[in-house]
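Written out below as structure tokens is the structure these notes cover.
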Amino acid sequence: MKRSLFGRLWPNATAVVLFIGFVFPVYWMFSTAFKPTGDIITEDPVWFPTDFTFEHFKTATEADHFWTFVTNSLTVTVLAVVFSLIIALAGSFALARMRFKGRRGFVIGFMLAQMAPWEVMIIAMYMIVRDASMLNSLVPLTLFYMMMILPFTILTLRGFVAAVPKELEESAMVDGCTRAQAFRRVILPLLAPGLMSTSLFGFITAWNEFALVLVLNKDAEAQTLPLWLTSFQTVFGDDWGATMAASSLFAVPILILFVYLQRKAVSGLTAGAVKG
């Protein structure tokens, strides 16, 4: 009886501890964003703020080039995700449906590309962009983000395409559809969970990226929101209230997207992981 009780208790206790460990930093970030400055710099932590202020959000949004950073982040993130999905749809269909020499090597190559840290290539990326006279531009940033997202997107969508019975596609072609029409009318709607899960992953990856834009884009007009988070420093030190407010604003789009896509994204990740 005791063993049975312990067997049920320890997984739940472990889950609670992990939940607190993951959620507390998020709670502390949001709560600090609304605290008056006096409650932030005090020696005794204020765990549950009673006085709320929006002054830190005002400071964050009135920072230089704020709306430029927002526009740049949305531009490169959305374009990188859209381009990667378009290319990945074709690539995943070819890997799942067609048999050609070197197919297994392609799959292994995508896996290796996904596992390799892209930071090892940052010097080569800089030299390529510099030689092409495209520093301080959003174009190479978008292309590099797309390359970072593409391997995961192709591997995940490949599992979804492989899970769609070939008979559905063949039936559509018998009814007069071309292969492209069969893909668009039959296969593509069934890939919605996979498209959502890969879109979420790609959005988070591109939205959070810091090092590459720091190296390639020194001009404030071509920078993105992650660099904006480093700008709240004064002669007296870091402005933690504004920093936490900026971090909260930075996290809101991802939280909204995750909540909206959560159910289909989770099913997409698990299905794409075991099919094909």
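Take Phe66 and tell me if it is at pLDDT below 90, surrounded by 15 or more Cβ atoms within 10 Å (Cβ to Cβ) and within 23 Å of the chain's Cα centre (by Cα). It is true that Phe66 is at pLDDT below 90, surrounded by 15 or more Cβ atoms within 10 Å (Cβ to Cβ) and within 23 Å of the chain's Cα centre (by Cα). Could you go through the range 76-95 and let me know if any residue there is more than 23 Å from Leu191 (Cα to Cα) and either open to solvent by 80 Å² or more (accessible area, probe 1.4 Å) or touching a helix residue (DSSP H, G or I) at 6+ places or on another chain (Cβ under 8 Å) (or both). Looking through the range 76-95, at least one residue is more than 23 Å from Leu191 (Cα to Cα) and either open to solvent by 80 Å² or more (accessible area, probe 1.4 Å) or touching a helix residue (DSSP H, G or I) at 6+ places or on another chain (Cβ under 8 Å) (or both). Val23 meets the conditions (1) open to solvent by 70 Å² or more (accessible area, probe 1.4 Å); (2) in a helix (DSSP H, G or I) in every case but one. The failed one is (1).
Looking at (1) open to solvent by 50 Å² or more (accessible area, probe 1.4 Å); (2) part of a loop (DSSP other than H, G, I, E, B); (3) on the phi < 0 side of the Ramachandran plot, find the lone condition where Thr53 falls short. Result: Thr53 fails condition (1) only.
Spot the failing condition for Thr37; the list is (1) touching a helix residue (DSSP H, G or I) at 6+ places or on another chain (Cβ under 7 Å); (2) open to solvent by 60 Å² or more (accessible area, probe 1.4 Å); (3) under 26 Å from Thr224 (Cβ atoms), and only one is missed. Single failed check for Thr37: (3).
If you go through the range 166-176 and keep only what is under 35 Å from the mean Cα position of the chain (by Cα) and open to solvent by 70 Å² or more (accessible area, probe 1.4 Å), you end up with Lys166, Glu167, Leu168. Each residue in the range 177-198 was checked for being of a type outside the set (A, V, I, L, M, F, W, C), within 26 Å of Thr75 (Cβ to Cβ) and surrounded by fewer than 14 Cβ atoms within 10 Å (Cβ to Cβ), and 0 of them qualify. What do you reckon, is Ser248 over 20 Å from the mean Cα position of the chain (by Cα) and either among the β-branched types (Val, Ile, Thr) or surrounded by 18 or more Cβ atoms within 10 Å (Cβ to Cβ) (or both)? The answer is no for Ser248.
Would you be able to say whether some residue in the range 199-216 is farther than 26 Å from Thr71 by Cβ, modelled with pLDDT under 90, open to solvent by less than 80 Å² (accessible area, probe 1.4 Å) and of a type in the set (S, T, N, Q)?
Within the range 199-216, none of the residues are farther than 26 Å from Thr71 by Cβ, modelled with pLDDT under 90, open to solvent by less than 80 Å² (accessible area, probe 1.4 Å) and of a type in the set (S, T, N, Q).
Checked against (1) among the polar types (S, T, N, Q); (2) closer than 30 Å to Gly241 by Cα; (3) within 25 Å of the chain's Cα centre (by Cα), Thr42 passes all but condition (3).
Being open to solvent by less than 80 Å² (accessible area, probe 1.4 Å), more than 20 Å from the chain's Cα centre (by Cα) and under 20 Å from Thr77 (Cβ atoms), is that true of even one residue in the range 136-150? Checked the range 136-150: at least one residue is open to solvent by less than 80 Å² (accessible area, probe 1.4 Å), more than 20 Å from the chain's Cα centre (by Cα) and under 20 Å from Thr77 (Cβ atoms).
The values are calculated or read from the model by the stated rules, or taken from the named source; none is laboratory data. On a predicted model such as this, the values are computed, not experimentally measured, just so you know. So basically every Cβ, Gly included, is an ideal-geometry build from the backbone, and we count neighbours across all protein chains shown. The accessibility values were calculated without ligands, DNA or RNA, using every heavy atom of the protein model including side chains. Shrake-Rupley method; radii C 1.70, N 1.55, O 1.52, S 1.80 Å.
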